[in-house]
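What follows draws every value from the coordinates through simple rules; no lab data is involved. Because the structure is a prediction, the values reported are computed rather than measured.
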Amino acid sequence: MMPTRKSSVIKIIGTINGVSHYIAKGKPQTRKSSPPTKDQIYNDPRFASVRANNKEFGGASIISKAICTGLQANVKTFKDRRFTSRLTGICRKIIQKGGGSPGQREANLFNDPEALLGFQLHKNKIFSKIFTATPTIAVNDPQNTITVTIAKSTPNNLKQYPKTATHFSLTAAISTVSTHNWHQESQKYQPQHPEQNGLGTTVHTTPLLCKIEHQNIILQLPTPIKNDSHLTSNYSRLRSQDSRPKTAITIWLGISFGKEENIEFRPFQTAKAMECIGVV
């Protein structure tokens, strides 16, 4: 509440520095404001929306952690300092699109997959502005291999990179995220299929010369559940029964620039970027 001035004599109504100023029986009064207690937040009906927000924010943190777990070392390689909070914010928006009552809505990436597309591991290093060739994604029929293909890359597709770089390398990664549901007993979100949650695979191209054209750059990613026939069958069954599968596979593409010295590619520490290019 903003303080206001009353009549010709200065009378403050509002809160300043934790002290509330108000008029009672025509006389100015003051009292110290007190924040809600922990018991009020957890039990008072007036704070129902606060409790719901806290639950879903916790769920968003759990979903974000699953993505990071699957991305493995790519997070450390490509992220900025605020990566985790930015990703949690996106996951929170996705949960808000889920079915159910606030605080217990389904956390399924397919609620709003577009929210994650184009998400950058480093906010100021935009992959699609550094590498402008268009990737395509293909998923084979049993969903055990995902293929990322760049039909053609020319020197004109490489932008904003150090002039001392001689080579670049592309990195494709996937991370699996199960649908999460509110669990009343544990009072937190839990994965519906924990055996399919937070799994990941990463592949890299060989170092590619910056100054020549490259055609049909292919990165094949075996899905991390393919080694268990039961899980693969279960995953396919879930996808066939529901237009929105219960386990999502997020697909990421990154680029690193560097020099090749003594037949070894040495990436520069700062010339790199990665973004989410698909959710299947």
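Points worth noting:
- Ellipsoid equivalent to the range 135-212 - semi-axes via the Cα gyration tensor, in Å: 38, 16, 10
- With N the number of residues in the range 53-98, Rg(Cα) / (2.2 N^0.38 Å) evaluates to 1.15.
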